[in-house]
Amino acid sequence: MTVEYDLVIIGATAAARVAAIEAVNLQARVALVVSTLAGAQIHPQCDFYPDALAQIAKTTQTTRSRLQSPTSYPWKYAAAAIDRLDLQTNPAVLAAMGVDVIFGMGEFCRRPQLAFNVSDRYLRARKYLLATGSISHYPLIPGIQDAGFVGLDRLPDLAEREIPRRWAIIGSEAIGVELAQTFAKLGCQVTLIVETAQILPYENLDTANLIQAQLEADGVQIYLETTVTNVSRQDGSKLLATGGEPIAVDEIFIALPDRPLLEPFNLIGVGVEYSEKGISVDNKFQTSHRQIYACGSVCGNVLGGYHSQSLTQYEAKIAVKNALSRHPTKIDYRSYNNLPWAVYTDPPLARVGMTLMTAANSNPRDLIILTKCLKTSTQAILHDLNSGICRIVVTRTGQLVGAEIVGEHAPESIQILAIAIQQKLKVADLNAFPYLSPSYTEFIYQTVQEWYVYRRHHQHKSSWLDVWERFCQLFWWK
C-alpha cells in the first residue's frame with residue numbers, strides 16, 4: 001500500500017516528536033515512523049531520567065543512614081516522573097493532533113520512486129527527515145560483556161530489581177558526573193573513572209575543579225587519567241583492573257559518547273553520505289539527497305562537546321521549516337555557541353557563548369573576564385550558600401560574548417545572558433536592567449559591576465597609547 005505525505009519523519013527520539021509537532025503547526029500532512037532498535041534509546045525522554053533522580057535526591061534530604069537497606073523508591077519516582085513527561089508528546093497525543101504514527105523498522109527504497117518502506121507500507125513524501133538519534137556506545141574492555149554493565153538506556157530497568165550499592169562510572173560525559181553525585185547523595189558508594197586529566201574535559205580547569213571538589217565532598221571517589229584494562233567477577237562483585245588495587249563494585253555505568261544510529265535505513269542505497277561521526281548535512285540540514293534531511297545526534301552535532309536536548313530540538317524545528325518551506329533558513333553552526341547548555345550537578349553549571357578556555361587563550365587586550373563569587377550576593381548570604389561563581393566574557397567595548405555560572409539556579413539565570421548575547425547587548429544594557437532583590441538573577445547584576453571596577457583601574461592609560469596598541473595589532477604585529 002502506498003501513502004502520500006508532505007513530510008515523513010523517521011525516529012523514536014524527542015527530536016522526532018518535536019519535528020512532528022512543528023510540521024503539524026505548518027499544516028503539513030505528516031507521518032512519524034517510530035523506529036526502534038535493540039540497544040538504542042527506546043524511551044524518547046530517557047535523557048531526563050538522571051535529572052529526575054537528582055531531584056528526588058535533593059528534595060527528600062534523605063540521610064545515608066536511612067538508605068543502608070537497598071530501596072528502589074528513587075528509581076520508581078524517576079520512572080513515574082518520566083512517564084508524566086512523556087504524556088505531553090506520546091504517540092496518542094501526536095495522533096490526536098493529526099500525525100500518522102507508524103511503528104516498526106523500515107528502510108529507504110528508490111525504485112520505482114523514493115519511498116520509506118515500513119510494515120508493508122510505502123510512504124512517499126515530498127521530503128523526509130531523519131531524527132533517529134544515537135545508540136549507546138560501549139567500550140571494548142576485556143571481560144566487561146561477561147561481567148555486565150548498564151548505560152543510560154538500561155538505567156530505568158533498575159526500578160524492577162534491587163538497587164546496587166557500589167557503583168563504578170566509566171567515562172567523562174556530563175551524564176556520568178551528574179549520576180556520580182546523585183548516586184552518592186542516595187547513599188551509594190561511587191567511583192568515577194575518567195581517562196582525561198580533569199572531569200568535564202571541555203570546561204575551564206577552575207570550573208572542573210570546583211565541580212570535582214563538590215563531588216568529592218559528597219563522597220565520590222575520582223580517578224583521573226585512569227584506564228580500566230580488565231573487568232572480572234569474584235564473590236558476587238565486579239572487579240575493575242586499573243593498574244593499581246582492583247576496584248570492587250556491584251554495578252558499572254558507562255558514560256561514553258553515543259554513536260549515531262545509521263545502519264538499518266539503507267542510506268547507502270539512496271545515496272545519503274555519512275561517516276562514523278554521523279550523516280553529512282549542509283547549513284539547511286539537507287543531506288546529499290535533495291529530498292532527505294537530517295537533524296540531531298544522528299548528524300553527530302554536539303554543543304560544547306556534549307550532546308544536548310536543547311540543540312537537537314532546536315535543529316528539529318529548523319529542519320522541518322527548511323524541508324517544507326520554499327525559503328529555507330541557513331544555519332551558521334557557530335551560532336550554536338549562543339545556545340545555553342548546562343550540567344545538572346549540585347550546584348549546577350551553565351554556560352553560553354564563548355567559553356572561558358577560548359577567552360583565556362585570546363589576547364587579554366581584546367577580551368575581559370568579569371568574575372564574581374556567589375557568596376557575596378544577597379541571596380547567597382540569606383541562604384548561607386558558599387559555593388558558586390559567575391563569569392562574563394566581554395570585549396573592550398563592553399560587548400557580551402560569553403558567560404558561565406556555577407551555583408543555585410544557574411540554568412535559569414543563564415537564560416538572561418543567552419538572550420543578551422543573541423541580541424548583541426552590552427554591559428551597560430544589563431546594568432540598566434532592573435533586578436529583583438533578593439534573587440539569583442541579581443547575581444548577574446553584581447557581576448556586571450566588575451566592568452566598571454575594571455574601567456576605573458585602567459583609566460590611567462592615555463588614549464593615544466590605546467590607539468597605538470590597536471594600530472600595532474592590526475597592521476604591524478600581524
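Failed condition for Asp332, given (1) of a type outside the set (A, V, I, L, M, F, W, C); (2) over 30 Å from Arg124 (Cα atoms); (3) modelled with pLDDT of 85 or more; (4) surrounded by fewer than 21 Cβ atoms within 10 Å (Cβ to Cβ), with all others met? It is condition (3) that Asp332 fails. Strands (runs of 3 or more DSSP E) fully within the range 77-152 that include at least 3 residues being touching a residue at least 24 places away in the same chain (Cβ under 8 Å), crowded, with 20+ Cβ neighbours inside 10 Å and out of contact with any His (no Cβ under 9 Å at 6 or more places or on another chain): 115-118, 121-130. The residues of the range 232-257 that are under 23 Å from Asp146 (Cβ atoms) and assigned to a loop (DSSP other than H, G, I, E, B), listed by number, are Asp235, Gly236, Thr242, Gly243, Gly244, Glu245, Pro246, Asp250, Ala255, Leu256.
Tallying residues that are touching a Pro at 6+ places or on another chain (Cβ under 7 Å) and at pLDDT 85 or above within the range 73-116 yields 3. Could you go through the range 361-377 and let me know if any residue there is in the same structural domain as Tyr445 (by TED's automatic domain parsing), out of contact with any strand residue (DSSP E or B) (no Cβ under 8 Å at 6 or more places or on another chain) and modelled with pLDDT of 90 or more. Within the range 361-377 (the criterion being in the same structural domain as Tyr445 (by TED's automatic domain parsing), out of contact with any strand residue (DSSP E or B) (no Cβ under 8 Å at 6 or more places or on another chain) and modelled with pLDDT of 90 or more), the answer is no, since none of the residues qualifies.
Would you check if there is a residue in the range 262-276 being without any contact (Cβ under 8 Å) to a residue 12 or more places away in the chain, over 30 Å from Arg391 (Cβ atoms) and assigned to a loop (DSSP other than H, G, I, E, B)? Yes, that holds for at least one residue. Checked against the criteria, Val427 does not count as within 25 Å of Val343 (Cβ to Cβ), crowded, with 16+ Cβ neighbours inside 10 Å and in the same structural domain as Arg351 (by TED's automatic domain parsing). Note on the range 355-392: residues that are crowded, with 18+ Cβ neighbours inside 10 Å and not aliphatic (A, V, I, L, M) amount to 8.
In the range 217-231 there is no residue that is part of a helix (DSSP H, G or I), at pLDDT below 95 and surrounded by 15 or more Cβ atoms within 10 Å (Cβ to Cβ).
The values are calculated or read from the model by the stated rules, or taken from the named source; none is laboratory data. Computed from a predicted structure; not experimentally measured. Heads up, the Cβs are rebuilt from the backbone with ideal geometry, glycines too, and the neighbour counts pull from every protein chain shown.
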